[in-house]
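The values are calculated or read from the model by the stated rules, or taken from the named source; none is laboratory data. Quick caveat: nothing in here was measured; it's all calculated off a predicted structure. No Cβ is skipped: glycine too gets one built from the backbone with ideal geometry, and neighbour counts run over all protein chains shown.
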Amino acid sequence: MVAPTAQASPTPFYMWTGSIASEVCVMPTVLEPEKEAKPQLVPPTPVPPELFAAEIAMEERSFNFLPILLAVALVGIIAGGIYYFVKSSQEVVSVSTATQIINNVLGGPATTKFSTGTVEPNNGPKEPQYQLLSKGGVVVTKPKGATSLVVAITDTGETLLSRIDGVKKVKRFDGGTNYTVPLAERKLVAIDKITLLKAHMARVDYTWKWAPNRLGQEYDASGSLIQSFSTWDRTTLINSYGADFYSAEPTKASIIVAEGDDGVWKKYTEQ
């Protein structure tokens, strides 16, 4: 026989109502024991081998910056191309370069040629070239036969030629001398205007004039010395012996220049 289990006596609780305390019995509450939460299994994070860890980190960083770098490079290339196109399409030959080109185009001086000693002029002893030189005091002449002429330079002529740059003398075997003498140079007065026609091509408007030396003044077609000749002789002197209107007013002209692949501006020549 099992002995009865002693039960705990309820603890009395007194409640006062008015002047009489009422005894209330409170039974103890029995709580169920808490159940422990089971731990959740988390799969382990795979650790990359040490050999590839640095490479993976580098790839992650480059992945972030590579598109930005490519975009910046592309923008730079496009902007540079636009700048070069605009700049080159508006670029005009400089005044100094145009001056050099035009001076080359104007070329060397106008010249005349004559000889001393026994010569056979194309038109015989009355050749207007030697008549002009004789009237100017440069030479003295004497006919020799029907077609020849004996020519000798004077002291005045020697002095005059010594003061002209570029005079060429060639001695002949027969004792005479052949002379090539500058008369006048074309001088650039001004670059009037430079007009861009299209990319790498421009038109240069300029003004030039003759600059005759002392002998060139005698060969001025509008001068009194040449005006004393007949029309036929004046034409012969202009066409064959270097005479020209050296005292004329400055002349306006233009030239087309183009920039080559090497960046050098030159006179444009159609191909």
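Brief remarks follow.
- Some residue of the stretch 227-246 being acidic (Asp, Glu) and surrounded by fewer than 18 Cβ atoms within 10 Å (Cβ to Cβ): no
- Of everything listed in (1) on the phi > 0 side of the Ramachandran plot; (2) at pLDDT 95 or above, the single unmet condition for Gly263 is (2).
- Enumeration of residues in the stretch 112-143 that are of a type in the set (Val, Ile, Thr) and either part of a helix (DSSP H, G or I) or crowded, with 18+ Cβ neighbours inside 10 Å (or both): Thr112, Thr116, Val119, Val138, Val139, Thr141
- Sub-7 Å Cβ pairs linking a first residue in the stretch 93-115 that is of a type in the set (A, V, I, L, M, F, W, C) to a second residue that is in a helix (DSSP H, G or I), at least 6 apart or interchain, are Phe114/Gln129; Phe114/Tyr130; Phe114/Leu133, ordered by first then second residue.
- The single condition among (1) surrounded by 13 or more Cβ atoms within 10 Å (Cβ to Cβ); (2) more than 48 Å from the chain's Cα centre (by Cα) that Ile102 does not satisfy is (2).
- Test: residue in the stretch 219-233 that is touching a residue at least 40 places away in the same chain (Cβ under 8 Å), of a type outside the set (Gly, Ala, Ser), under 28 Å from Leu133 (Cβ atoms) and not in a helix (DSSP H, G or I): yes
- Only one entry in Ala190, Ala258, Ala253, Ala202 is free of Cβ contacts under 8 Å to residues at least 40 places away in the same chain and either within 36 Å of the chain's Cα centre (by Cα) or in a strand (DSSP E or B) (or both), namely Ala190.
- The stretch 144-167, residues that are assigned to a loop (DSSP other than H, G, I, E, B), farther than 18 Å from Gln217 by Cβ and among the hydroxyl-bearing types (Ser, Thr, Tyr): Thr147
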